[in-house]
């Protein structure tokens, strides 16, 4: 069978198993996002072409058809231009790989790769002031176990500038207490880094870990059932802290966990830390930093 009569099913299977999982070693979250794009696309082809996914040939998905699918996302599913662009990026990735596997389809893949992204308004990420971040950190009730967990979580987020996925996956064994305490983070793209902990953060984590002694989970910040916190769970903790904080200016900020990460970078820059060191701190390079901080 030539590629011009190739069913899309086997190609998608090879793309995910060989390319995404074996060659690129994509994270489970990335694979799930890409999978959802093709689930939507195959549902659309089934509805509009009346072809079952198992019988769909790859040549049915030329540029005009991909454009009609993208338009349906906006008109029928009411997706934003930003979401539409994310779906297009996934489809482009697949067809770049198809071009390598099936040279006779280069013409079709070139037309698909030429589909332009839609311009979108770039969202500005709010950075919090020191007064605002201090108010957030004071908000949890430290007389309760849950409040101590939330305080330690928010403080660690601010100290490290960690992504939500990094903080929710953090194990207690990844934190090393010493004269200069550090935390080992497993980041995006399977990059690892060690980030120094302020003495204030180390103390909060010691209290937190003492309360977790004997727990069956190795997680530093499990939920009430001992399982990994979800992204929504971390967002809820942040929103609850903002609601309790005695800081009216927080009401005008778009609060989400990534805003804490952005705040970390901004405050490090204001403290005179070199931009290349900040990049290492936030996990934008392969080699971990070997430095201490005087920020707090």
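The values are calculated or read from the model by the stated rules, or taken from the named source; none is laboratory data. None of the values given here were measured: they were computed from a predicted structure. Neighbour counts are summed over all protein chains in view; Cβ atoms, including those assigned to glycine, are modelled from backbone coordinates with ideal geometry.
Here are some notes:
To keep it simple, each residue is scored yes or no on (1) surrounded by 16 or more Cβ atoms within 10 Å (Cβ to Cβ); (2) at pLDDT 95 or above; (3) within 30 Å of residue 278 (Cα to Cα).
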| residue | (1), (2), (3) |
| --- | --- |
| 71 | no, yes, no |
| 95 | yes, yes, no |
| 105 | yes, no, no |
| 120 | no, no, yes |
| 126 | yes, no, yes |
| 151 | yes, yes, yes |
| 163 | yes, no, yes |
| 174 | yes, yes, yes |
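- Answer from 256, 192 - the residue that is at pLDDT below 90, within 19 Å of the chain's Cα centre (by Cα), closer than 21 Å to residue 151 by Cβ and in the same structural domain as residue 149 (by TED's automatic domain parsing): 256
- Scope the stretch 243-258; condition part of a helix (DSSP H, G or I) and surrounded by fewer than 17 Cβ atoms within 10 Å (Cβ to Cβ); matching residues: 243, 244, 248, 249, 251, 252, 258
- When every residue of the stretch 46-53 is checked against the conditions, none turns out to be crowded, with 19+ Cβ neighbours inside 10 Å and either farther than 30 Å from residue 207 by Cα or modelled with pLDDT under 95 (or both).
- You will find that of 173, 131, 104, the residue that is out of contact with any helix residue (DSSP H, G or I) (no Cβ under 9 Å at 6 or more places or on another chain), farther than 24 Å from residue 30 by Cα and touching a residue at least 24 places away in the same chain (Cβ under 8 Å) is 173 and no other.
- Number of the condition not met by residue 136 [criteria: (1) out of contact with any helix residue (DSSP H, G or I) (no Cβ under 7 Å at 6 or more places or on another chain); (2) surrounded by 15 or more Cβ atoms within 10 Å (Cβ to Cβ); (3) assigned by TED's automatic domain parsing to the domain that holds residue 159]: (1)
- Residue match in the stretch 143-164 (condition: free of Cβ contacts under 8 Å to residues at least 60 places away in the same chain, in the same structural domain as residue 238 (by TED's automatic domain parsing) and not in a helix (DSSP H, G or I)): yes
- Qualifying residue in the stretch 183-193 (condition: farther than 30 Å from residue 20 by Cβ and either touching a residue at least 60 places away in the same chain (Cβ under 8 Å) or not in a helix (DSSP H, G or I) (or both)): no
- Some residue of the stretch 209-218 being surrounded by 15 or more Cβ atoms within 10 Å (Cβ to Cβ) and in a helix (DSSP H, G or I): yes
- When the residues of the stretch 12-63 are filtered to those that are assigned to a loop (DSSP other than H, G, I, E, B) and in contact (Cβ under 8 Å) with a residue 40 or more places away in the chain, the one that is farthest from residue 90 (Cα to Cα) is 56.
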